[in-house]
Amino acid sequence: FQNLCGFFWNIASIFRHAPLLGAWLFSWEDRRMNVLYQMIGFGALITMGLSYWQKDKRMILLWQVVANLIFAIHYALLHAQSGAVCSFFQIIVLILFLLQERFRWNKVATAMPIAAVFLLIAVLTYETPVTLLPILASLVALLPFFQSNKRVIQGAGIVSGLSWLVYVIAVRSYSGMVTESVLTVITAASLLKKEPKGGAEQEDARIMGREK
C-alpha cells in the first residue's frame, strides 16, 4: 500500500510541475526553430558570398537576387518586419538596376520611385528608430543611380553596411552580423587599394545588392 501511495504521489508531482515542464518544452522548441531560422540566414550568406565569385555584373546581381529572397524569408521568420520587406523589395531594385542599364533609362527617374517606396516602407513598418535602419541603408545604397564617383559609392556602402549591422544585432540575426561585418570590412579595405579595370562596375553592383 505504501508503494502504491508513492506511485500516485509521483504522478501528482508530474502534474504539479506541468506548467514548468511545458515552459521548458516550449523554450526548447523555440530554440530549435531559432536554429532553423539562423541556418536559413547562413544559406543566404553563402549565396551572397558566391555572388562575389562571379565575373559578370549580371551574374553578380542574379545571385544577389536569390540571396535577398532568402534573407527576406530569414528576417520574416525572426519577425524583423522592416528588414524582411526591404530585402524583398531589394529584389525589384536589382531587376530595375539591370533594366536601367539595358534600356538606358534615366538614372534619377528610375531611382526616385524606388526611394519613394522605401520611404513608404519606413512608415508602414515603423516600430522603433532601429526599424528605420534598413530603410536608411537601402536609400544610401541607391547612390550609384545618382553619381559615379567610386570613393563616394564605397563610402555609401560603409554607411549602408553599418546601418544594417546595428539592425541585425538588434534582431539577433547571426548570419546578418557576419554578412555585414565582412562586407563593411571589405568595402573599407577597397578604399585603400586601386581597383583593376572593370572593378568599379562590380563594386556598384555589389553595393546595390547588399540589402539583407
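Laboratory data are not the source of any read-out in this text; all were calculated from the coordinates shown. Just so it is clear, the model here is predicted, and its values are computed rather than measured. We place every Cβ from the backbone using ideal geometry, glycine too, and count neighbours over all the protein chains shown.
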Next item on the list: Would you please give the FRET efficiency between Leu191 and Tyr52, computed as 1/(1 + (r/R0)^6) with r the Cβ-Cβ distance and R0 = 22 Å, to the nearest 0.05?
Entry: 0.80
Check: What full-extension length gain, to one decimal in nm, is calculated for Val152 and Leu69 as 0.36 nm per residue of separation minus the Cα-Cα distance?
Finding: 27.1 nm
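Between Ile169 and Asn106, what FRET efficiency follows from the Cβ-Cβ distance if R0 is 45 Å, with the result rounded to 0.05? Walk me through the numbers on the way to the answer.
Details: r = 38 Å, r/R0 = 0.83.
With a Förster radius of 45 Å, E is 0.75.
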Notebook entry, point to check: If you count, for each residue, the other Cβ atoms within 10 Å and average over each peptide, how do 47-57, 178-188 line up from highest to lowest?
Noted result: 178-188, 47-57
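Report the relative contact order of segment 102-161, percent, no decimals, based on alpha-carbon pairs under 8 angstrom and at least 6 residues apart. Let's see the in-between values first.
Values: 35 pairs, mean separation 21.1, N = 60.
Reported as a whole number, the value is 35 percent.
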